[in-house]
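The values are calculated or read from the model by the stated rules, or taken from the named source; none is laboratory data. This is a predicted model, so every value here is computed, not measured. Here Cβ is always computed from backbone atoms with ideal geometry, including for glycine, and neighbour counts include all displayed protein chains.
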Amino acid sequence: MPELFVTNYNPRYTGVSATAERMAQAHLDRYDLALVGKPLHGLPDPISPALARKLSRTPSNDRPCAVWHVRRDPEMLSAIYARDVLRLPIRTVFTSAAKHRHSAFPRWLISKMDAVIATSPEAAAFFPDVAATLPHGIDLGRFSPAPDRRAAWDALGYGGSEGVAIVGRIRASKGTDVFVDAMCRVMPDRPRMHALVIGQARPADRAFVEALHARIAEAGLTGRFHFLGDTPNDQVRQILPALSLVVNVARYEPFGVVPAEGMASGTPFVCSDTGYYRAFSDDGRCGLIVPVEDAPATAAAVSELLADADRLEAMGRAARAKAEADHSIQAEADGAAEIYERLWAGDDLAVHRG
């Protein structure tokens, strides 16, 4: 029987899904773990919430309770129902990345959690107390630098001699239009430069995507922008170490792991001043931070770094070193494991009783 239940109720693979996936993969060898809801890569086939409730009655390894690690409102509600209505022996852990005050219903749900993990000090500031502050980590074995960046880029087959990319959903909140505008300013002066847009767009964002293509065509750069769509993780892991820069310029990001994945791959970044990006930058040693929604500043920062190959490579080395020191998935998984163990020992870690 499982002792740890990791929930993933969203059928779409999102950033939340990815962070749950990474930590669960790191815990597979440590705990009897069940995935509840929708599939995630590298994890056992998921079980239904109904079966999870049944199995929670008798957790393995003589645990006094099962731990449910949840990350979304429906998952919190499901865990509360199992614990408080069905009176099952369950303790709940919620991970929060949001850097804003939650609305009333999510606040109520969070108040019922047995422990809250925040991903940054800014996220932690919205709770009376948190069990731990654990920045999201990266699997440093799966994301690693290429022996030869230029050869790695050539092998991708997109053309040119240098590449930059934005990774994430194609929509206004992710700043895809800011990226396109900025690259349209930089690329005319760098004829061997290509830009990748990695991510999927919803049907509701069709007009937004069409406007991006129109902007690119107006600049005469259609053949040098590559929209890759929903890209498998294995392919992203091949692309990141081949890039000269990751350029993620979201208008809002709760945390954002893409720059950290780039850092682990030895690739520095230019990012907007949102999410955890400023902490990743390490005062400019690993990447540059630009104002939100500022295409000219983004273009200037990209041009500045691409014009200095030695600086770019030094930043890539510093980025990898910082990822190793501060942003490994093992460190995040160890921190969460400490919370689980404390709950199994009977410690009271709740934000507050409601």
*Lone unmet requirement of (1) surrounded by 15 or more Cβ atoms within 10 Å (Cβ to Cβ); (2) on the phi > 0 side of the Ramachandran plot for CYS286*: (2)
_Checking the condition assigned by TED's automatic domain parsing to the domain that holds GLU304 and more than 21 Å from ASP230 (Cβ to Cβ), which residue from VAL186, VAL180 passes?_
VAL186
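Among the listed residues ASP45, ASP32, ASP73, which satisfies the condition of being closer than 21 Å to LEU134 by Cβ and surrounded by fewer than 20 Cβ atoms within 10 Å (Cβ to Cβ)?
ASP73
Quick grid of which residues meet (1) farther than 15 Å from VAL178 by Cβ; (2) of a type in the set (D, E, K, R); (3) not assigned by TED's automatic domain parsing to the domain that holds ASP62:
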site	(1), (2), (3)
THR267	yes, no, yes
ASP273	no, yes, yes
GLY316	yes, no, yes
GLY335	yes, no, no
*In region 39-51, is there at least one residue being over 25 Å from ILE329 (Cβ atoms) and either in contact with a helix residue (DSSP H, G or I) (Cβ under 6 Å, 6 or more places away or on another chain) or polar (S, T, N, Q) (or both)?*
yes
*Return the pairs, sorted by first residue and then second, in which the second residue is of a type in the set (Asp, Glu) and not in a strand (DSSP E or B), the first residue lies in region 246-264 and is modelled with pLDDT of 95 or more and surrounded by fewer than 24 Cβ atoms within 10 Å (Cβ to Cβ), the beta carbons are less than 7 Å apart, and the residues are 6+ apart or on different chains.*
ARG251/GLU293
*Evaluate region 1-11: report whether one residue or more is over 23 Å from TRP108 (Cβ atoms) and among the hydroxyl-bearing types (Ser, Thr, Tyr).*
no
_Single condition ALA155 does not satisfy, out of (1) in contact (Cβ under 8 Å) with a residue 60 or more places away in the chain; (2) under 21 Å from THR298 (Cβ atoms); (3) part of a helix (DSSP H, G or I)_ = (2)
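Please go through region 305-320 and pick out each residue that is farther than 17 Å from PHE280 by Cβ and either in a helix (DSSP H, G or I) or not small (Gly, Ala, Ser) (or both).
Once the filter is applied, which keeps residues that are farther than 17 Å from PHE280 by Cβ and either in a helix (DSSP H, G or I) or not small (Gly, Ala, Ser) (or both), region 305-320 yields LEU306, ASP308, ALA309, ASP310, ARG311, GLU313.
Here is a check on your reading of the model: is SER120 at pLDDT below 95 and within 20 Å of the chain's Cα centre (by Cα)?
yes
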*Working carefully through the options ARG101, ARG91, find the one that is in contact (Cβ under 8 Å) with a residue 12 or more places away in the chain and touching a strand residue (DSSP E or B) at 6+ places or on another chain (Cβ under 8 Å).*
ARG91
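Conditions (1) assigned by TED's automatic domain parsing to the domain that holds PRO232; (2) closer than 20 Å to VAL116 by Cβ; (3) over 23 Å from the mean Cα position of the chain (by Cα), marked per residue:
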site	(1), (2), (3)
PRO39	no, no, no
PRO46	no, no, no
ALA52	no, no, yes
THR58	no, no, yes
ASN61	no, no, yes
ALA66	no, yes, yes
HIS69	no, yes, no
ASP73	no, yes, no
ARG83	no, yes, yes
*asked:* Pull out all pairs, ordered by first then second residue, where Cβ-Cβ is under 6 Å, the residues are six or more apart or on different chains, the first lies in region 188-210 and is in contact (Cβ under 8 Å) with a residue 60 or more places away in the chain, and the second is outside any loop (DSSP other than H, G, I, E, B) and buried (at least 16 other Cβ atoms within 10 Å of the Cβ).
replied: MET193/GLU162; MET193/MET187
